[in-house]
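**Q** Pasting a structure here, questions to come.
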Amino acid sequence: MAHNGTSDAIAGAIDVGYGNTKYTFRDAQGNVRCGIFPSITNWSAADQSKAVIGDRRETVVLRVGRMYHEVGPDIAAARGRYRASNMHDGYVETPEYQALVKGALHYIGEDRLDVLVLGLPVRHLIAKRASLERAWEGEHELANGKTVIVDKVRVFAQPQGALACFSATTGNKSVTRGDLNLVIDPGQRTFDWLVSRGMTLIQQQSSSTDRGMFDIVRTIAEMISTDLGEDYQDFEAIDRAIRSGKPMTLSQQPYDIKRFKPIVEQVTREAVARLLENVRDVASIQNILLVGGAAKVFKPAVKEAFRKHRITDIDEPVFANVRGFQVIADELLARRRSHSAPAQPVHVGAV
């Protein structure tokens with residue numbers, strides 16, 4: 001959909017996670033939809049997409065610096081792929097992260113975004129927000145000679161998106177009037193949590209820890225390698241088996257993943273224990289939201305820790321953050337269009 005001036009001002013949202021990159025886009029009828037692709041890039045010194053044998057995979061090749069990076073839904077079919085979930089805490093400054101954001105901008109399909117909302121893990125928000133906003137404002141080269149102009153970028157903690165999504169979809173007045181909320185967001189690498197009073201972030205009690213799905217998967221891969229007597233690193237196959245509860249296939253034979261249930265329980269308990277070290281006044285919490293791509297895996301540990309509370313699930317939890325970012329982006333755009341005072345929206349406060 002092309003951008004046709006201020007009357008068609010566009011707000012968009014992108015959430016680059018360690019496991020998946022999520023984004024919002026508008027379909028042919030103008031409805032906002034969500035898209036997703038793995039946070040994996042296939043990099044090369046030349047554009048390799050033209051050398052694909054067989055059917056063209058659903059990916060896009062983007063130039064970042066002097067390298068070409070292929071990203072998209074079918075990236076698992078590319079040789080030499082690099083999983084961005086293994087990157088260090090400075091991942092937002094890496095070429096791989098830039099390729100993932102550019103890929104999302106490509107799939108959004110606009111030539112201009114008036115407002116773009118991005119996300120960061122809670123613990124990186126203060127240190128990295130300003131530089132990330134500066135980096136993505138302006139014109140960016142995409143694929144096939146196309147460009148996109150991003151007028152204004154705002155960055156929020158990833159679980160803030162889920163809170164905005166919950167408030168917008170349920171009309172829950174307790175969120176806006178000031179009740180205490182806890183958003184728990186288990187992902188591929190990090191386990192994030194956010195405490196808020198109404199829509200105002202309580203920074204001192206909100207944080208992250210490196211206890212995500214990757215810790216579980218990597219540990220199980222080491223155990224399987226010992227079993228097989230050879231190195232085994234098909235992390236995607238292990239991840240699928242954990243989430244589905246179905247046996248894996250190794251050497252053409254079924255391999256029961258349930259034997260590693262104690263590992264799953266140990267890692268998820270450790271993550272929740274770290275949360276409990278930071279969160280105060282647990283009895284006063286009115287809403288506990290469980291979101292993120294690994295919500296189902298971590299739910300037993302969360303329920304055990306908060307036995308007296310009701311845990312609220314959000315439909316398609318992997319999209320909760322980016323849907324909420326779209327809500328925030330639309331609010332920011334509405335404020336700009338109405339020429340209101342440049343006050344920050346209620347979603348961005350911190351105490």
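The values are calculated or read from the model by the stated rules, or taken from the named source; none is laboratory data. Since we're looking at a predicted model, the values are computed, not measured. All Cβ positions, even for glycine, are placed from backbone atoms using ideal geometry, and neighbour counts span all protein chains on display.
**Q** Does residue 105 satisfy the criteria of being under 19 Å from the mean Cα position of the chain (by Cα), at pLDDT 95 or above and in a strand (DSSP E or B)?
**A** no
**Q** Among (1) touching a strand residue (DSSP E or B) at 6+ places or on another chain (Cβ under 8 Å); (2) over 28 Å from residue 108 (Cα atoms); (3) modelled with pLDDT under 95; (4) aliphatic (A, V, I, L, M), there is one condition residue 282 misses while meeting the rest; what is its number?
**A** Going through (1) touching a strand residue (DSSP E or B) at 6+ places or on another chain (Cβ under 8 Å); (2) over 28 Å from residue 108 (Cα atoms); (3) modelled with pLDDT under 95; (4) aliphatic (A, V, I, L, M) one by one, residue 282 breaks only (1).
**Q** In this structure, is residue 238 aliphatic (A, V, I, L, M) and touching a residue at least 24 places away in the same chain (Cβ under 8 Å)?
**A** no
**Q** Here is a follow-up. Among residues belonging to the range 198-223 that are part of a strand (DSSP E or B) and in contact with a Lys or Arg (Cβ under 8 Å, 6 or more places away or on another chain), point out the one that is farthest from residue 296 (Cα to Cα).
**A** Only one residue fits best here, namely 207.
**Q** Please find, within the range 1-59, the residue that is modelled with the lowest pLDDT out of those that are of a type in the set (A, V, I, L, M), surrounded by 15 or more Cβ atoms within 10 Å (Cβ to Cβ) and not in a strand (DSSP E or B).
**A** 9
**Q** Follow-up. Within the range 126-152, restricting attention to residues that are free of Cβ contacts under 8 Å to residues at least 60 places away in the same chain and in a strand (DSSP E or B), which residue is surrounded by the fewest Cβ atoms within 10 Å (Cβ to Cβ)?
**A** Among them, the one singled out is 139.
**Q** Tell me which residues, restricted to the range 158-181, are surrounded by fewer than 17 Cβ atoms within 10 Å (Cβ to Cβ), small (Gly, Ala, Ser) and either under 24 Å from the mean Cα position of the chain (by Cα) or modelled with pLDDT of 90 or more (or both).
**A** Selection gives 171 alone.
**Q** Here are 195, 155: which of them is part of a strand (DSSP E or B), on the phi < 0 side of the Ramachandran plot, surrounded by 15 or more Cβ atoms within 10 Å (Cβ to Cβ) and out of contact with any Gly (no Cβ under 8 Å at 6 or more places or on another chain)?
**A** From the options 195, 155, the qualifying one is 195.
**Q** Between 125, 116, which is in the same structural domain as residue 10 (by TED's automatic domain parsing) and at pLDDT 90 or above?
**A** The match here is 116.
**Q** Could you check the range 274-318 and list, in sequence order, the residues that are small (Gly, Ala, Ser) and either surrounded by fewer than 20 Cβ atoms within 10 Å (Cβ to Cβ) or farther than 15 Å from residue 159 by Cα (or both)?
**A** 283, 284, 301, 305 - these are the residues of the range 274-318 that are small (Gly, Ala, Ser) and either surrounded by fewer than 20 Cβ atoms within 10 Å (Cβ to Cβ) or farther than 15 Å from residue 159 by Cα (or both).
**Q** When you scan the range 294-305, do you find a residue that is farther than 26 Å from residue 20 by Cα, out of contact with any Ser or Thr (no Cβ under 6 Å at 6 or more places or on another chain) and not polar (S, T, N, Q), even just one?
**A** yes
**Q** What do you reckon, is residue 256 without any contact (Cβ under 8 Å) to a residue 60 or more places away in the chain and under 20 Å from the mean Cα position of the chain (by Cα)?
**A** Here the answer is no, as residue 256 does not meet what is asked.
**Q** Select from the range 242-253 the residues that are of a type in the set (A, V, I, L, M, F, W, C) and more than 21 Å from the chain's Cα centre (by Cα) and write down the one among them that is farthest from residue 191 (Cα to Cα).
**A** Checking each candidate, the answer is 250.
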